[in-house]
Amino acid sequence: MRHTGPQVVDRATWEDARGVLLQQEKALTRMKDAISAARRRMPIVRVRSDYAFEGPEGRVTLLELFQGRDQLIVQHFMFAPDWTQGCDGCSMMAERVGPLSHLHARRTSFVLTSRAPLPRLLTFRDRMGWDLPWYSTIGDAFTPSSAPRSTARSTRRSASSCVGARRCSTPGPPTRVERNRS
C-alpha cells in the first residue's frame with residue numbers, strides 16, 4: 001500500500017515550510033484583526049423600543065428583556081404558530097447554549113423568541129429539559145427581519161427559510177442588541 005500522507009522531509013526543509021506557513025498564519029491574524037476593528041467602527045441602527053413579547057410573567061418590552069444588563073442576545077427559534085414542535089436545527093442549537101451565568105457575568109442576557117403561542121413553546125421547552133428564557137412574538141411585528149442589520153453593536157440574524165415541518169436551512173447568528181447608555 002502506498003503512503004498518501006504528507007511528504008517525509010529533513011528538518012531544514014520542514015523548518016522552511018513551517019516558516020512560510022507561519023507567515024501566512026500571521027497575515028491571516030492581522031486581516032482578521034483589521035476586519036474586527038472595521039466591524040466595531042460601523043455605525044449603529046436605532047431599534048424600535050415598543051416591541052412586546054409574551055413570557056411566563058406576562059407581556060414584557062424589549063428593554064425588559066435586557067434584565068438590567070448592557071447587552072441582549074435574541075435567538076430567533078423557528079417554531080411557527082401551527083407547529084407542534086420546534087425546528088430540529090434550532091433545537092440542536094438550544095441544546096448547546098450552556099449555563100447563562102457565563103453570559104450574565106459579561107453583562108449579557110439571552111432569550112429565545114418564536115412566533116408560536118407561549119403555552120406551546122413552554123410545553124416543548126419543558127419536554128426538552130431546557131431552562132432558557134423563551135418568549136412568544138405572536139401578535140407583534142418583531143421578527144428576524146425587523147431586527148437591526150449587522151453593526152458593531154447589533155448583529156442581525158439572517159432570515160432563514162424553513163422547509164418541512166421542523167427544519168431550518170442556514171440558521172444564522174443570533175441578534176445582539178446593546179442598550180443605549182444615554
So how far, in whole Å, is the C-alpha centre of the range 37-80 from the one of the range 12-29? 43 Å
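Which order do peptides 128-137, 111-120, 41-50 fall in by mean Cβ count within 10 Å, highest first? Walk me through the intermediate numbers first.
Values: 128-137: 17.0, 111-120: 20.4, 41-50: 11.1.
Sorting 128-137, 111-120, 41-50 by mean packing, highest first, produces 111-120, 128-137, 41-50.
Throughout, read-outs are computed from the coordinates displayed, never taken from laboratory work. Owing to the predicted nature of the structure, the values given are computational and were not obtained by experimental measurement. Heads up, the Cβs are rebuilt from the backbone with ideal geometry, glycines too, and the neighbour counts pull from every protein chain shown.
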